[in-house]
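Here the structure comes first, spelled out in structure tokens, and everything after it is commentary.
We did not get these values from a lab; they are worked out from the coordinates using the rules stated. Source: prediction; values computed, not measured. Methodologically, a virtual Cβ is constructed for each residue, glycine included, from the backbone with ideal geometry; neighbour enumeration extends over all protein chains shown.
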Amino acid sequence: MAGRINDEDVKAVRDAVPIDAVVSEYLQLRPAGGGNLKGLCPFHDEKSPSFQVSPSKGLFHCFGCQEGGDTLSFVMKLEHLSFAEAVERLAAQAGITLRYEQGGYGLGRQQGERTRLVEAHKVAAQFYVEQLASPEAEIGRRFLAERGFDQAAAQHFGVGYAPAGWDHAVRFLRGRGFTDKELLLSGIAQDGRRGPIDRFRGRLIWPIRDITGEVIGFGARRLRDDDNGPKYLNTPETPIYRKSQVLYGIDLAKRDIAKDNRAVVVEGYTDVMACHLAGVTTAIATCGTAFGGEHVKILRRVLLDNSSAHSAGEVVFTFDGDAAGQKAALRAFEDDQKFAARTSIAVSPDNMDPCELRLAKGDEAVRELIESGSPLFEFAMRSIAARHNLDTVEGRSAALEHAAPLIAQIKDPSIRHDYGVRLSQIVGNPDEQFVIRRIGQLARWGRERQRAGTDERPTAAPAATPVPPAQRGGPPLNLRSPGYLPERELLKFAIQFPELVAPAFDAYGEDEFTAAPYAVIRRVIAEAGGVVAADDGYLGRLSEAAPDDTVRVMINEFAVEAIATSRRQRELDRLAADYLVQVRLAAVNRRIADLESSARRAEAQSGNAQSAADIRQELWTLVQYRTSLKERGAAAL
């Protein structure tokens, strides 16, 4: 059992490793004022930075999820380490030799499991690098040379070679003090008939590092025809390696990603090498798996992907131009909306990946490829449209039906509207409003299916606008009934023409909207700053403030639904005033009815004369206000 680490050594580790230096290994930090730094919290998803670091105090705190502590706490929580493992990790970085109270200076056997596995990978990586210089590795050196990578490039990326024998790496690591159990747990070895054998044999080896630069796994490329294994063989899932949470090259690229506000996602190890050597030092790749949600989280933290700055960052995906590459690109589309940053796709016209492109046309061609990226939504629409004959009515209709569901997935209503217009142009449908309505319909159906937990498409459009789940039950709420018309139209004015109902609308309370979903939208408008603060980012703020997709869809619906058959300014002015008055008048009438009931109850009870008189006074005031509203209209508001 490991001994307790000396308290003086723990303090020395805390003092030697600044908290901002440690945190910066995982996420981008920017000044937050008062000497503090801020970034996107690594412990929960958030759109705006609520995670702060105080270098002077050596502490961090997230105002969103309430996680906090010192440097050791940060490492423990983020890497799921024990206290001793966190101390050992930071001590290794600081070059501090630890003392254990039950055994003098630290010994390998006293280290935690994660520390041991990381150390095993570090030693194995050195072993593979040394083997690349052996006569047997000539085939590996030739493979690299044929792809434009010299010895310096191999050294920069730590490329190595695994000997073809059964247990070369196992015997070497045993000699360095690692147990068979540790070698099997690490994934460097696998079970054989007579004990552990090398997992990687006769292959070129790339070390896979985490964001801090520690080797946690390997990727191995097949070199010989008689190798019946897969083209690329990666480390299996281990306590320290989760392929869905690892990006190859992130340790080398993170600084430039943060500096340039751009990340380039490629498909393989050699593509990352080619991009970096061509000057695109923000390139990273997944490790044997599709780009997914966990990868998004890593990049968002490094990019400081803040929703308040939509134009600040960019993520560029590069894929082969063949069918498989396009399929991969469309998969990436599914993760697009998890970014606040712009997402683009760069596809080589010659179906070459960055490695092939660099070899054929040079470094400049790689840089030009990355700069030529087009928006991912645009690529997705064009890819789908290209499958159909747009010269025929039937082809245009089929292209629309295949592409519209993709655009309907876009959560931001303003972006969805713009891409609806773009889809209309790409497909060649002159009726933009038809395309926009179709996309809106599909978006509503999608939200309904999500709530119902089914993928079935309704056979007909819903009779009523969807309402939040909390309002389900009882008679269906038909939001298009005449009784709700003034509230609906007033909200449409507040969204489409806020200047026509400002500033009066901002004085309306949620209780003046009797339909619960409309009351929610009234609250959303208030949270977005109200109609008086409406500007170019107004719709975006409404979308951000919406509590769920149902409300977001309804806001988008209100933003595009026509208010009147005529759009002459004088008519709009009059309609806006009419609906302001109608909604307020309805609220006043409800209040008058409530007060009349209260007054009668008070008058029927002995001893409540004063209370009844007070109610009657308020009632009289409201009646006068109602008369004024009827006679003077909006001027009485």
- Task: State to the nearest 20 debye the size of the charge dipole of the chain about its Cα centre, where the only charges are +1 on K and R beta carbons and -1 on D and E beta carbons.
- Result: 820 debye
- Task: Report, by chain and number, residues whose modeled amide H sits under 5 Å from the one on residue 59, excluding near sequence neighbours (fewer than 5 apart, same chain).
- Result: 54
- Message: Using the Cα centre of segment 112-241 as the reference point, and only Cβ charges (+1 on K/R, -1 on D/E), how large is the resulting charge dipole? Debye, rounded to the nearest 20.
- Response: 100 debye
- Message: For a quick check: sort 512, 631 by the number of other beta carbons within 10 angstrom, fewest at the front.
- Response: 631, 512
- Task: Go ahead and run the numbers for FRET between residue 176 and residue 136, Cβ-Cβ distance against an R0 of 22 Å, rounding to 0.05.
- Result: 0.55
- Message: For the pair residue 527/residue 48, report the inter-label distance in nm, with labels modelled 7 Å from Cα in the Cβ direction.
- Response: 1.2 nm
- Note on the structure: For segment 347-357, Karplus-derived ³J(HN,Hα) couplings (6.51, -1.76, 1.60; θ = phi - 60°; whole Hz; x for glycine and proline) come out as 10, 5, x, 9, 6, 9, 7, x, 5, 5, 5
- Query: Taking neighbour counts of Cβ atoms within 10 Å as a proxy for exposure, in what order, fewest first, do 246, 531 appear?
  - Reply: 531, 246
- Query: Expressed in nm², what is the orientationally averaged projection area of the convex hull enclosing the Cα positions of segment 387-452?
  - Reply: 4.4 nm²
- Query: If you average the sequence gap of Cα pairs under 8 Å that are 6 or more apart and divide by the length of the chain, what percent do you get for the contact order?
  - Reply: 7 percent
- Task: Report the label-to-label distance for residue 364 and residue 434 in nanometres (one decimal), using points 7 Å from each Cα along the Cα→Cβ vector.
- Result: 4.8 nm
- Query: Considering the dipole of the chain built from charges on the beta carbon (Lys and Arg +1, Asp and Glu -1) around the Cα centre, which of 625, 96, 48 is farthest to its positive end?
  - Reply: 625
- Query: If R0 is 30 Å, what FRET efficiency do you get for residue 549 and residue 635 from their C-beta distance, rounded to 0.05?
  - Reply: 0.15
- Message: Need the C-alpha centroid separation for segment 575-604 versus segment 181-252, integer Å.
- Response: 73 Å
- Task: Using only Cα atoms, locate the centre of segment 353-388 and the centre of segment 12-28, then give the distance between them in Å, rounded to an integer.
- Result: 38 Å
- Task: Pull up all non-local amide H partners of residue 548: gap of 5 or more, or a different chain, and H-to-H distance under 5 Å with H placed in the peptide plane.
- Result: none
- The list [x] 1.09; [y] 1.00; [z] 1.20 gives values of Rg/Rh (Cα atoms, Kirkwood Rh), and only one came from this structure; which label was calculated from it? [x]
- Query: Once all Cα-Cα distances of segment 7-109 are split into 10 Å bins that start at 0, what whole-number percent is in each one?
  - Reply: 15, 46, 26, 11, 2
- List the lysines whose alpha-carbon lies under 29 Å from that of residue 361, not counting same-chain residues fewer than 8 positions away? 231, 254, 259, 327
- Selection from 516, 530, 615 lying farthest towards where the dipole of segment 507-637 points positive, charges on Cβ: 615
- Given q = 0.12, 0.16, 0.22 Å⁻¹, what are the Debye log10 I(q)/I(0) values for segment 165-286, with equal point scatterers placed on the Cα positions and solvent ignored? -0.51, -0.83, -1.24
- Note on the structure: Sorting 375, 417, 575 by the position of each Cα along the dipole of the chain (Lys, Arg +1; Asp, Glu -1; all at Cβ), the one nearest the positive end of that ordering is 575
- Placing each pseudo-label 7 Å from Cα in the direction of the beta carbon, residue 227 and residue 155 end up separated by a distance in nanometres of 2.4 nm
- Query: Using the count of nearby Cβ atoms within 10 Å as a rough guide to exposure, how do 247, 29 rank from fewest to most?
  - Reply: 29, 247
- Checking segment 181-239 for GluC sites (Glu not before Pro) in a loop per DSSP with at most 12 other beta-carbon atoms within 10 Å yields 237
- Query: Which value in deg cm²/dmol, rounded to the nearest 500, describes the helix-derived mean residue ellipticity at 222 nm for the chain, given -39,500 (n - 2.57) per DSSP H run of n ≥ 4 and division by the residue count?
  - Reply: -15500 deg cm²/dmol
